[in-house]
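Everything on this sheet refers to the single structure shown next.
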Amino acid sequence: MNQPNDPDSLRRARDQARMELSEVVAELTDQLEEPSGENNRSAEQLVTDAQYQALYAADQARDKADEVQAQAKEKSRHAVEKLEAAVPSPVAEHAKHAADSARGPLVAGAAVLAAIVVWLIARRRRT
């Protein structure tokens, strides 16, 4: 059963919107091939409608993605709280200490890597 927050459902909805948009573009192409002034106005209206439909679909997809992201964060926070409650205190303290110990070298390594990349870019621009 597909849920509205299911990534596959969101992809299918996006693909459906793309397909509908491509049909509108095909209609526009057909109408633009005819030199009639009335068809040109009709084509311009179709283009405008397609633009609004695309913007509306993009807004809906963005809103849905934000909603799914917020729900995922809430579920993750809930899972962490349950896990923290289930883990004995000494084990949790050791895990926090290990995470803090690993974070320092990781940040330092990232800083050194960033400095090397900047140096390489600057060196390449001089030559």
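The values are calculated or read from the model by the stated rules, or taken from the named source; none is laboratory data. This structure is a prediction, so every number in the text was calculated from the model and none was measured. Cβ atoms come from the backbone with ideal geometry, glycine included; neighbour counts cover every protein chain shown.
When 110, 102 are checked against the criterion of being surrounded by 10 or more Cβ atoms within 10 Å (Cβ to Cβ), farther than 30 Å from residue 6 by Cβ and modelled with pLDDT under 75, a single residue qualifies: 102. Being surrounded by 10 or more Cβ atoms within 10 Å (Cβ to Cβ), out of contact with any Asp or Glu (no Cβ under 7 Å at 6 or more places or on another chain) and without any contact (Cβ under 8 Å) to a residue 12 or more places away in the chain: is that true of residue 64 here? No, not satisfied. Here residue 82 clears all of (1) surrounded by 11 or more Cβ atoms within 10 Å (Cβ to Cβ); (2) of a type in the set (Lys, Arg); (3) modelled with pLDDT under 85 except the condition numbered (1). Selection within the stretch 28-46: residues that are exposed (fewer than 14 other Cβ atoms within 10 Å of the Cβ) and in a helix (DSSP H, G or I). The member of this set that is modelled with the lowest pLDDT is 37. Confirm whether residue 53 is within 28 Å of the chain's Cα centre (by Cα) and without any contact (Cβ under 8 Å) to a residue 40 or more places away in the chain. Spelling it out, residue 53 is indeed within 28 Å of the chain's Cα centre (by Cα) and without any contact (Cβ under 8 Å) to a residue 40 or more places away in the chain.
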